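Shown next, in structure tokens, is the structure this report addresses.
The values are calculated or read from the model by the stated rules, or taken from the named source; none is laboratory data. Predicted model only: the values in this text are computed from it and were never measured. FYI the Cβ positions are ideal-geometry reconstructions off the backbone, even for glycines, and counts take in every protein chain you see. These accessible areas exclude ligands, DNA and RNA; they are computed on the full protein's heavy atoms, side chains included. Shrake-Rupley method; radii C 1.70, N 1.55, O 1.52, S 1.80 Å.
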Amino acid sequence: MSVSHLSDFLRPLVLSGPSGVGKSTLLKRLFAEFPDKFGFSVSHTTRSPRPGEQDGVQYHFVTREKFLDLLQENAFIEHAEFSGNFYGTSFQTVKEVHERGRRCILDIEAQGVRQIKATDLNPIYCFISPPSLTVLRERLRGRGTETEASIQKRLATALKEIQFAKEPNVHDLIIVNDDLDRAYQLFKRIALGENVVGDTLPPLDD
Ligand code: ADP
Ligand code: 5GP
């Protein structure tokens, strides 16, 4: 699927960042403020829905068998195993968002980012960083959706995500989600296609 001719506003936006950093929170606010401008790339996943999550809204919740069938049919632009579950972005999902004339926003982890870089999707890559690892741990626990084992897995993966983000030229922009209102204002301007200067990645060595 070639979308490299799209204007900056319609170029897909790839959001990544460690689990618990606040990606869904920022996205929820954006979709609430601009119900007609953006389209969320609803991924397929084999993980179970959290309370309040609806099939077809946050994710397409599928069995492992169904996911592997789709994988075999080459349905995914990218896919990854994260914390014991599969996640993938289907060509169909991204195509549908484009056909509705909306900017497509993907929320994916680092392996997916690497795979997208090998396609011609030509998105803008935006990394959401926590202000510190201590804050990240607190948020992941505070969300109350994970078991302690799942939290530990996600934190170990978070360190890898952060290592990846420290490599040069991986992301076009960084947003430090410290104060939510400040981070949201920056995120909103990026999503609307404005030319902005992003934040600097904190040391994240605590
Ligand atoms: P992600 O989608 O990146 O996994 P969430 O959006 O679910 O993360 O956020 C994780 C937790 O952190 C949630 O409980 C959310 O309410 C909280 N949170 C998000 N952003 C902030 C912020 N800037 N300050 C304090 N808490 C936040
Ligand atoms: P969660 O289980 O917290 O919703 O998501 C776990 C991680 O999977 C997050 O980092 C999220 O960005 C990532 N993720 C969600 N959907 C996809 C996808 O389609 N592909 C990839 N590679 N990662 C995804």
*If you roll a 1.4 Å probe over the chain with all protein chains in place, what percent of the accessible area is carbon or sulfur?*
51 percent
*Calculated from backbone phi, Karplus (6.51, -1.76, 1.60) coupling profile of segment 118-127 in Hz, x at Gly/Pro*: 8, 9, 9, 5, 6, x, 9, 9, 10, 9
*Under-5 Å amide H pairs with residue 60, H placed in peptide plane, nonlocal only*: 43, 44, 45
*asked:* Along the charge dipole of the chain, pointing to its positive end and built from +1/-1 on Cβ of Lys, Arg, Asp and Glu, which listed residue (168, 112, 84) has its Cα farthest out?
replied: 84
*asked:* Stokes-Einstein diffusion coefficient for the chain at 10 °C in a medium of 1.306 mPa s, Rh from the Kirkwood formula over Cα pairs: what value in µm²/s?
replied: 91 µm²/s
*Enumerate the calculated ³J(HN,Hα) couplings along segment 77-90 in order (Karplus 6.51 cos²θ - 1.76 cosθ + 1.60, θ = phi - 60°), each rounded to whole Hz, writing x wherever the residue is Gly or Pro.*
6, 8, 7, 7, 9, 9, 6, x, 10, 8, 9, x, 9, 8
*Taking H as built 1.01 Å from N, whose amide H comes closer than 5 Å to the amide H of residue 176, not counting residues under 5 places away?*
129, 199
*Tell me, what HN-Hα J-couplings in whole Hz come from the Karplus equation 6.51 cos²θ - 1.76 cosθ + 1.60 at θ = phi - 60° for each residue of segment 96-111, using x for Gly and Pro?*
4, 5, 4, 5, 8, x, 10, 6, 8, 10, 9, 10, 9, 8, 5, 4
*Over the residues of segment 98-206, compute the C-alpha Rg and express it relative to 2.2 N^0.38 Å.*
1.14
*Can you give me the relative contact order of segment 35-178 as a percent, contacts being Cα pairs under 8 Å and 6 or more apart?*
24 percent
*asked:* Need one number: % antiparallel among DSSP beta bridges in the chain, to the nearest 5.
replied: 30 percent
*Between residue 118 and residue 29, what FRET efficiency comes out of the Förster formula 1/(1 + (r/R0)^6) with R0 = 35 Å and r the beta carbon distance, rounded to 0.05?*
0.65
*Cβ crowding within 10 Å averaged over residues, with 94-107, 52-65 ranked highest first*: 94-107, 52-65
*Taking H as built 1.01 Å from N, whose amide H comes closer than 5 Å to the amide H of residue 78, not counting residues under 5 places away?*
89
